[in-house]
Amino acid sequence: MTGDQVIKTKEELEFAVFCIESLALALHKSPPEVYQLLNRQSSILTDYIVPSYDVLHTQGREYIVNDILEVMRERGIKA
């Protein structure tokens, strides 16, 4: 996986929105707040979620949320 990937397809965009909205529900935050965590305070959106689309989008919501939360913890992102 290469870092800083941009969203290239409609499916990747929809998946990124799905991830942001799902995390927002899990964290009891607004989607804009979660976007800030994933894209402004870290680069998780562009260097983990987008490059991992092929694998992650085949998983269920709970798995995806837990996986991204683990990446956030590993990178010291406080939610």
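Coordinate-derived values only; no laboratory data. None of these values were measured; they are calculated from a predicted model. Here the Cβ is made from the backbone with ideal geometry for all residues, glycine too, and neighbour counts use every protein chain on show.
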Which numbered condition Thr58 fails, given (1) in a loop (DSSP other than H, G, I, E, B); (2) surrounded by 11 or more Cβ atoms within 10 Å (Cβ to Cβ): (2)
Please go through (1) β-branched (Val, Ile, Thr); (2) within 18 Å of Glu70 (Cβ to Cβ); (3) without any contact (Cβ under 8 Å) to a residue 40 or more places away in the chain for Val17 and return the number of the only condition it doesn't satisfy. (2)
Does Ser52 count as crowded, with 17+ Cβ neighbours inside 10 Å and among the polar types (S, T, N, Q)? yes
Please go through region 18-55 and give me each residue that is hydroxyl-bearing (Ser, Thr, Tyr) and assigned to a loop (DSSP other than H, G, I, E, B), ordered by number. Ser30, Ser42, Ser43, Ser52
Which ones in region 62-79 are assigned to a helix (DSSP H, G or I) and touching a residue at least 40 places away in the same chain (Cβ under 8 Å)? Ile64, Val65, Ile68, Leu69
State all residues of region 40-63 that are more than 16 Å from Leu13 (Cβ to Cβ), among the polar types (S, T, N, Q) and within 10 Å of the chain's Cα centre (by Cα); if no residue qualifies, say none. Ser43
